[in-house]
Structures are given as structure tokens and as C-alpha cells.
Amino acid sequence: MLQFLPAPLQGSILFIALAVSTIISCLLLYVVALFKLLIPIHSWRIVCGKLANGIAQGWVRFNCLGLKLGKNLRWDVQGVDGLQPDAWYLLVANHQSMVDIVVLQNIFHRKIPVLKFFLKKELFWVPFLGIAWWTLDFPFMKRTSSGRKDMETAAKACDKFRLLPVTIMNFVEGTRFTTAKRDRDNSPFTHLLKPKTGGMAVVLGTLGQRLHAILDVTIVYPQGIPRLWTFLCTNAMEIKVRVKQIPVTPELLGDYLSDRQFRRLFKDWLDNLWDEKDKLIEKLIDTPAHKSNGVQND
């Protein structure tokens, strides 16, 4: 619909639409936040959580519709069949750009619960978004010099995720991939940074068998990793995504904080998963796109 417009104008329209929808959604979440503060009752907090999640889903739906109307995205997605919108998931993915969030929202909209992730405590003060994230029960983490204390705080934060179905998202590399970061950190992978085990292991150990599955997501941009502004201004883009559901077995549910042997075994398991992902990315870069499977942007 907007493809005929000059790229900067197209990007500006989409950015403004995204900003307006974000502001409206945040204002609605502020109302929920007010009631959440005024009535500190457990059952009422569950109601507020459902309302907040509904608003977030509406925001994602609007953004997906905007992309559908404004762009000619070529989706090549496999592995999203059989997902449940009322189950608990832990989602791990490679991280290359802010566009990754847009991609994840599009392919998983209405297929799994709202994506939620850990945030630095300072982000609570971000205009509009900070209170909205708090209302949605995004855990705010205070970084300390003690990694153990951080993980204990993360474990406590996960307790709130027991109330309603949720998808906990974890970019286990900890930051966006660049070749400079890869070389600086001596990563053994070609397309990935070294994965960090602590956060993922703590989520598994805290929520345990409540988790329906681990969603291992691999995102590839065959035409090159786009910045958000580049993405908004580009008429056509190919995006490949592969999703693998990994069962949550007892071997993945040990005591990461206290059991040294489990930490070693879990690190080996995640390193092997990342090695497979690195090879898959190489394969996806070199192969033509397949027909989209199960992606709905309406």
C-alpha cells in the first residue's frame, strides 16, 4: 500500500504510526497500572495482568497490520505449527538488530503468550514505556558486581510468571551480534556470540515443568542485517526464521546456582545448541527461500 512512496517518507509514516500506537497503548496501560496500585489484592492483580496482556496483544496486532499494509516482506518461516497461546514457553534466539523484536512479534502473534523479557532497572524511567513494562510484569533487574546475586534476583522475579501463561524471551548472547564483538570475545562461532547460560538456566530452574517447551528461534536476514530505520524504509525484504521446540527434560532443571557439575553440563548443552544454530544460519544464508509456513500478519 505504501510501496510507491519514497523510502524516507514510507519509513517516516510507519515510524509515526508505531509511535502513536505505542503512546495510546501506554496510556491504556497506565489506567491498568493505577488500578493495580490502588487494589493490591492477588486475584485483582491477575485480572490486571490479563487486561495488560490484552492491550499488549492489540499493540502487536496493530504493528503487524501496519507492516502488512506498508511492506512486501517475504517470509520463510518453519516450525510454528502446534504452538499454544495458553502455555508457558522459554524463547531463546540469536540477536542481530532491533528488527528481531518485530520479527518475533509477527511470527508468534496469537500463537503463544505475550513476549516478556528481563530489563535493566534503569529502564523503568524510560518515558511512556517504563510504567507500561512494569504493568506488564516485565522484571526489572539491578546489575551488581555479584553474578550470583543477580541470578537469585532473577529467580525471584520469575515467580510472578507463575500466575498467567507467558513467553519469557532471552537473547542469550546478551547483546546484538557484530563481527567486531565476535572477534573481541574470541567466539568459536561464525555468526553468533558466545551464549550466556545463567539467565536461561535460572528461568528453567524456577518455572520447571510448568514450561511447555523451549523455543529455539533462528533469525536470518539474507540481504544483510538491517537497522530499524533501514527496515522501515525498505519496500521488500526477505526474512528467514526457523523454530525448534525443545522439550523441558529433568536434565535441564538442575540447581545452577549451587551445583557445579550441573553448570558444566548445562553450558555444554547450550554450546552444542549454539553450534547447531551457527551451522543452520550458514545454511539459510546460502539457500533460496521456501514458501512461508503459518505466518499471519492480519
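The values are calculated or read from the model by the stated rules, or taken from the named source; none is laboratory data. Computed from a predicted model, the values in this text were never measured in an experiment. Neighbour counts are summed over all protein chains in view; Cβ atoms, including those assigned to glycine, are modelled from backbone coordinates with ideal geometry. For accessibility, only protein heavy atoms count, side chains too; no ligands or nucleic acids. Shrake-Rupley method; radii C 1.70, N 1.55, O 1.52, S 1.80 Å.
List of remarks:
- Flag if Leu252 is surrounded by 15 or more Cβ atoms within 10 Å (Cβ to Cβ), closer than 23 Å to Lys116 by Cα and under 20 Å from the mean Cα position of the chain (by Cα): no
- Among the residues of the range 113-142, those identified as open to solvent by 30 Å² or more (accessible area, probe 1.4 Å) and in a helix (DSSP H, G or I) are Lys121, Glu122, Leu123, Phe124, Trp125, Leu129, Ile131, Trp133, Trp134.
- Restricted to the range 4-17, and to residues there that are surrounded by fewer than 13 Cβ atoms within 10 Å (Cβ to Cβ) and not in a helix (DSSP H, G or I), the residue that is modelled with the lowest pLDDT is Phe4.
- Being of a type in the set (S, T, N, Q), more than 21 Å from Phe108 (Cα to Cα), crowded, with 19+ Cβ neighbours inside 10 Å and touching a Ser or Thr at 6+ places or on another chain (Cβ under 9 Å) is a condition met by no residue of the range 63-76.
- Among (1) within 16 Å of Thr234 (Cβ to Cβ); (2) in contact with a helix residue (DSSP H, G or I) (Cβ under 6 Å, 6 or more places away or on another chain); (3) of a type in the set (Val, Ile, Thr), the one test that Val102 misses: (2)
- Residue that is least open to solvent (accessible area, probe 1.4 Å) [pool: residues in the range 195-230 that are of a type in the set (Ser, Thr, Tyr) and in contact with a Leu (Cβ under 9 Å, 6 or more places away or on another chain)]: Thr218
- Failed condition for Thr234, given (1) of a type in the set (Val, Ile, Thr); (2) over 21 Å from the mean Cα position of the chain (by Cα); (3) over 23 Å from Gly66 (Cβ atoms): (3)
- Inside the range 88-112, residues that are in contact with a strand residue (DSSP E or B) (Cβ under 6 Å, 6 or more places away or on another chain), open to solvent by 10 Å² or more (accessible area, probe 1.4 Å) and in a loop (DSSP other than H, G, I, E, B) make up a count of 0.
- Within the range 205-222, the residues that satisfy the criterion of being modelled with pLDDT of 90 or more and either acidic (Asp, Glu) or out of contact with any Lys or Arg (no Cβ under 9 Å at 6 or more places or on another chain) (or both) are Leu211, His212, Ala213, Asp216.
- Taken together, Gln57, Gln84 contain a single residue that is more than 25 Å from Ile24 (Cβ to Cβ), open to solvent by 30 Å² or more (accessible area, probe 1.4 Å) and in contact (Cβ under 8 Å) with a residue 24 or more places away in the chain, which is Gln84.
- Among the residues examined, Leu192 does not qualify as surrounded by 19 or more Cβ atoms within 10 Å (Cβ to Cβ) and assigned to a helix (DSSP H, G or I).
- In the range 170-187, the residues that are hydroxyl-bearing (Ser, Thr, Tyr) and either loosely packed, with under 15 Cβ neighbours inside 10 Å or within 13 Å of the chain's Cα centre (by Cα) (or both): Thr175, Thr178, Thr179
- Filter result for Val295 (modelled with pLDDT under 90 and in a helix (DSSP H, G or I)): no
- Per the conditions (1) in contact (Cβ under 8 Å) with a residue 40 or more places away in the chain; (2) under 21 Å from the mean Cα position of the chain (by Cα); (3) open to solvent by 50 Å² or more (accessible area, probe 1.4 Å), the sole criterion not satisfied by Glu276 is (1).
- Residue tally, condition modelled with pLDDT of 90 or more and either outside any helix (DSSP H, G or I) or open to solvent by 70 Å² or more (accessible area, probe 1.4 Å) (or both), over the range 231-249: 12
- In the set (1) open to solvent by less than 100 Å² (accessible area, probe 1.4 Å); (2) at pLDDT below 95, Asp286 fails one condition alone, (1).
- The set of residues in the range 241-261 that are free of Cβ contacts under 8 Å to residues at least 24 places away in the same chain and not basic (Lys, Arg) comprises Thr249, Pro250, Glu251, Ser258, Asp259, Gln261.
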